[in-house]
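Where a number appears in this text, it was derived from the coordinates with a stated rule and is not lab data. All values reported here derive from a predicted model rather than from experimental measurement. Cβ atoms come from the backbone with ideal geometry, glycine included; neighbour counts cover every protein chain shown.
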Amino acid sequence: MRPYSTELLARAQTVIPGGVNSPVRNFKGVGGDPIFFKQGYGPYLISVDNQKYLDYVGSWGPLILGHAHPKVIKAIQEAVSYGLGFGATTPIEVEMAELITHHMPSIERIRMVNSGTEATQSAIRLARGVTGRNKILKFEGCYHGHADCLLVKAGSGLLTFAIPNSAGVPEAFTNHTLIAPFNDLQAVESLFVDFGEDIAAIIVEPVAGNMNCVPPQPEFLSGLRKLCTQYGSVFILDEVITGFRVGLGGAQELYGVTPDLTCLGKIIGGGLPVGAFGGKKEIMDYLAPNGPVYQAGTLSGNPITLTAGLATLKELTPELYNTLAKTTKTLMTGLKERAESAGLSFQTHQVGSMFGLFFSEEKQIVNYTQVARSDVPHFQAFFHGMLKQGIYFAPSAFESGFVSLAHTTAEIDYTLQASEKVFAWMIEHSLTVC
Ligand SMILES: Cc1ncc(COP(=O)(O)O)c(C=O)c1O
């Protein structure tokens, strides 16, 4: 029973489209009604009906320290007493830029924005401005925010121009967007043979985190790097999720690949709205006021956001990333063992503290077509079963999950015990056939 959530949803639906300010929140992917939350602490969320949930969403990635980390909250409280923003330069912007460029040496210059969407669309404009070319190449199942040219899915063939994936995006706006399957270097090579002279940039999530969680195959990222170098295209890594999530140096350090531009978001804002893009000095110098590519933002580099971000980043150490990876591994192996011993076909993916759960018989899931074949009704049953046990996974079979430093052995044990009950329930109700 969630009476206040139900009442709020009814009210929300009369004043907010779908009752939500971002689509996945409304539970369409799993059925049922969304829960309204009023508080978070450590790994837990508290609903408006005073129910406690163990959270594996972490505000979709930013909360690597858990909810309401005392040091982050204290830093913000102090910062707000000095004012909320000045629309002018501040010392904390310099500190943030220095810290990021220190951890990610491919970033020689960085500019702060207010969301991941702003970061990717600015990076693409910049790549087009620098190269004087039109086309960009993205991957099926990768999400880079909701800028028009990026809101596309693959056409029927590898060489098909992309079809807009949202009403309101004229086809002309996506005519220059090329699509290839994730992890398919050959498809990318073919596109470069045909269009290479007009490809301004490749943009890719180094670990796909918006089609569940799909790591790159060996040689995929380095192959993309090589093609960009060969054709003079800009290689953009969208590390909005992976930046400071899979390690201090992001996925670029983990996989040993050097992008020309990097997009960041989520963790660098410590839970407040943020984005950033940066990279090679000679590319970034094309930006106004130095260069001809225009980009600006009233609230960019907001001191409260950057305070939350810096307080978060300063807590992170290589040892803590090891802890996160270990905790996540225990969760993944435990879930897989329990699902399989119940008789379910179940696969897991993990990169650091990012994870993916698939009800699927396919042993190696590397692209969107395979992800889309996974069993959504099974996931929905699992999601709602776990929710009843007080565990909140992302309300969609196509989103990555996140473990935070606030998740301890006790939370993982509880999750695994709960999963046994849920898997057994799924079997009893004949949800065995994928
Ligand atoms: C990889 C990636 N890039 C870009 C974005 C867009 O970020 P925002 O929602 O802050 O606009 C997201 C959002 O989830 C993302 O996962």
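Among 193, 152, 57, determine the one that fluctuates most according to a GNM of the chain built with springs between C-alpha atoms less than 10 Å apart. Checking each option, the largest mean-square fluctuation is seen for 193.
In region 24-40, whose amide N lies under 19 Å from the spot 7 Å out along Cα-to-Cβ of residue 15? List them in ranges. Within reach of a label on residue 15: 26, 34-39. Among residues other than residue 54 with Cβ under 13 Å from its Cβ, the summed charge is -1 (Lys and Arg +1, Asp and Glu -1).
Given +1 on the Cβ of Lys and Arg, -1 on the Cβ of Asp and Glu, and no further charges, what dipole in debye does the chain carry about its Cα centre, rounded to the nearest 20?
560
For a quick check, take a GNM of the chain with Cα springs below 10 Å and name the residue from 73, 110, 267 with the largest mean-square fluctuation. In this elastic network of the chain, the residue with the biggest mean-square fluctuation among 73, 110, 267 is 73. State the answer as a single residue: which of 262, 130, 275 lies farthest towards the positive end of the charge dipole of region 70-313, with beta carbon charges of +1 for Lys and Arg and -1 for Asp and Glu, about the Cα centre. Checked the options; the winner is 275.
Here the simple spin-label model places points 7 Å from the Cα toward Cβ, and for residue 102 and residue 388 these points are separated by 5.0 nm. Bridge orientation summary for the chain: considering DSSP beta bridges with both residues in this region, about 60 percent are antiparallel.
Net charge dipole, region 70-313: roughly 320 debye, given to the nearest 20, about the Cα centre with Cβ charges of +1 for Lys and Arg and -1 for Asp and Glu. Pairs spanning more than 30 Å between alpha-carbon atoms, out of 138/388; 38/314; 71/336; 266/421: 138/388; 71/336; 266/421.
Based on the mean of other Cβ atoms within 10 Å per residue, sort peptides 286-292, 209-215, 98-104, 374-380 so the most packed one is first.
Sorting 286-292, 209-215, 98-104, 374-380 by mean packing, highest first, produces 209-215, 374-380, 98-104, 286-292.
Relative contact order of the chain: 21 percent, from C-alpha pairs under 8 Å at least 6 residues apart in sequence. Only beta bridges with both residues in region 70-313 are counted; by DSSP, about 45 percent of them are antiparallel. If you take the beta carbon distance between residue 282 and residue 172 as r and set R0 to 35 Å, what does 1/(1 + (r/R0)^6) give as a FRET efficiency, to the nearest 0.05? Result of the calculation: an efficiency of 0.70.
Which percent, nearest 5, of DSSP beta bridges in region 186-268 are antiparallel? If I count the DSSP bridges inside region 186-268, around 10 percent turn out antiparallel.
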